[in-house]
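Here the structure comes first, spelled out in structure tokens, and everything after it is commentary.
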Amino acid sequence: MKILVIGSGAREHALVWRLAQEADVICAPGNPGIEAEVPCFPIAATDTASLIGLAREHRIDLVVYGPEDPLVLGGADAFREAGFAVFGPGAAGAQLEGSKAFSKEFMVSAGIPTATHESFVDAQTAKEYARIRFADGCGVVVKASGNALGKGVIVCEDIFEAEDAIHRIMIDKVFGEAGSEIVIEDRLEGREFSLFTLISDAYVSSMPVARDYKRIGTGDTGPNTGGMGSFSPDPSITPELLEEVEERIIRPTVVELHRRGIAYRGNLFTGVMLHHGRPHCLEFNVRFGDPETQSLMARISGGFAAALYAAAVGEAIPPVQYSDDAAVTVVLASAGYPGDYARGKPITLSPVDGNVKRFHAGTKLVDGQLVTSGGRVMSVTATGPTIASAREAAYRATESVQFEGMQLRSDIAELS
Ligand code: AMP
Ligand code: GLY
């Protein structure tokens, strides 16, 4: 099987690394880490016409989308019209991530448990609503409705923070057009985890649970990021709880997609929060999560390419094999991230053990020297027989990467 993976982050590096153990893989546009594993072609993930040309030239059997932007823009639809099997939903399904207003309305109409919410296109009305929620004793979360690279969500401690968040998103447009519409929802509290479900129309197959760390600072402090670390499995999530998630969130989603006539072939990423011990859906994404994917790919021992292909062609999804090992991923970020960050800092790498993998994200080669070029620079993933051993190996391996101003959280997979 010949596979084209589209994207250029650590998630795509992890997908490529896994799939290349099972199939013949190429990538566009890729990054220096991916280039060291498979042939890469400098075509942007949103340049669908050129990507289709590349896929024709290389007689690609399966196209796998990494990021959400090209899915929201209809990239998967165009590939399907050109006759390709694609893992990734069309534009209709991608609205589950592309518009938080759409996705909340979808959850409510499907009867999926989620935080109470309202959508707004006017800042004044939004502020009045936030005031009423605080007066009722609820905390609120302000979210840009459009896509803001995982940073468009502000958890507010008081009404002043909420008013400030609304102003910055809707008036100052700190997330650009993604903030023309906002969603304000009640703040839930509890343990959070990510569930990835491969969907092939009516067939579903969930992967093991992974936990992600969204805030920049150790101890869950500071602003939200794209994700600063992950681990899998999560021993605190019992099979009974997972069954409840399948029954109350995943199945109603598949039924609602069908009711709306939306064919969905790809990954559905469900952000779950255990509010008062019961699963609530915080958000949907229509792609694999970053950095959860890095930990999950390290745990797969076979059957991944076949599962993605089956989902892409609407067939029953054969089981994916997972090792019993745990995996822990620590993200190394540039100074300043998730705000404005430094770029062009030289990176030095020293050798690592066989149970460690470094997945590149914001790196590039300048005259043969690897330098930083993004906020999240690299993911370091390690496996081990226990979470504690994988954690120790991952942190030891972070010392193999050096660049000026490197930030990392020191509490990834620290289980209390
Ligand atoms: P989202 O992109 O919607 O998943 O939001 C990013 C992060 O913000 C989540 O992973 C949560 O940690 C937090 N968050 C989002 N919605 C809520 C909510 N209703 N209550 C509490 N925290 C939330
Ligand atoms: N790790 C969260 C995300 O990919 O959005």
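Read the figures in this text as sums done on the coordinates, not as results from a lab. Since the model is a prediction, treat every value here as computed from it, not as a measurement. For neighbour counting, all protein chains shown are included, and Cβ atoms are generated from backbone atoms with ideal geometry for every residue, glycine included.
Odds and ends about this structure:
- Zone residues, the range 114-145, relative to GLU177, backbone N less than 20 Å from point 7 Å out along Cα-to-Cβ: 120-123, 143-145
- Kirkwood hydrodynamic radius (C-alpha pairs) into Stokes-Einstein, the range 1-74, 4 °C and 1.567 mPa s, D in µm²/s: 109
- Sorting ARG251, ARG409 by the number of Cβ atoms found within 10 Å of their own Cβ, with the fewest placed first, yields ARG251, ARG409.
- The alpha carbons of the range 202-295 give a radius of gyration and a Dmax of 14.3, 44 Å, in that order.
- For the range 101-152, convex hull of alpha carbons as volume per residue, Å³: 98
- Footprinting exposure proxy ranking of MET378, MET406, fewest other C-beta atoms within 10 angstrom first, gives MET406, MET378.
- The slack in the chain from GLU22 to THR116, taken as 0.36 nm per residue of separation less the alpha-carbon distance, amounts to 29.5 nm.
- Only Lys, Arg (+1) and Asp, Glu (-1) charged, at Cβ; the chain dipole about Cα centre in debye: 520
- Fluctuation leader among PRO351, PRO32, PRO89 - the chain, Gaussian network, Cα springs under 10 angstrom: PRO351
- Of SER180, SER350, SER205, SER295, the sequence from fewest to most neighbouring Cβ atoms within 10 angstrom is SER350, SER180, SER205, SER295.
- Overall Cα dimensions of the range 343-406 - principal axes, largest extent first, Å: 40, 20, 16
- Full extension of the segment from LEU365 to LYS2, taken as 0.36 nm per residue of separation minus the current Cα-Cα distance, would add 128.0 nm.
- Segment VAL108-ARG191, extension gain: residue separation times 0.36 nm, minus the distance between their alpha carbons: 27.7 nm
- For the range 208-367, the pair-distance distribution built from all alpha carbon pairs, in bins 5 Å wide starting at 0, is 1, 7, 13, 17, 19, 17, 12, 8, 4, 2, 0 percent.
- Stokes-Einstein D (µm²/s) once Rh is taken as the Kirkwood radius of the range 110-214 over alpha-carbon pairs, at 20 °C in 1.002 mPa s: 142
- The chain: Cα Rg divided by the 2.2 N^0.38 Å rule of thumb: 0.94
- For the chain: relative contact order, % (alpha-carbon pairs under 8 angstrom, 6 or more apart): 16
- Extents of the range 178-238, largest first, come to 37, 32, 20 Å (Cα atoms, principal axes, whole angstrom).
- Across all Cα atoms of the range 297-353, the radius of gyration (one decimal) and Dmax (whole number) stand at 18.4, 47 Å.
- Cα centroid separation, the range 290-307 to the range 324-349 (Å): 21
- Label-to-label distance, nm, for residues given as ALA342 and ARG59 (7 Å Cα→Cβ offset): 4.9
- Farthest towards the positive end of the charge dipole of the chain, among the residues TYR129, THR386, GLY74, is the Cα of GLY74, using unit charges on the Cβ of Lys, Arg, Asp and Glu.
- With 10 Å bins from 0: P(r) over the range 283-385, alpha-carbon pairs, percent: 14, 33, 32, 19, 3
- MRE, 222 nm, helices only [DSSP H, n ≥ 4, -39500 (n - 2.57), over the chain, to nearest 500]: -8000 deg cm²/dmol
- Length-normalised contact order of the range 230-339 in % [C-alpha pairs under 8 Å, at least 6 apart]: 29
- Distance in nm between pseudo-label sites at LEU73 and PHE134 (7 Å out along the Cβ direction from Cα): 3.9
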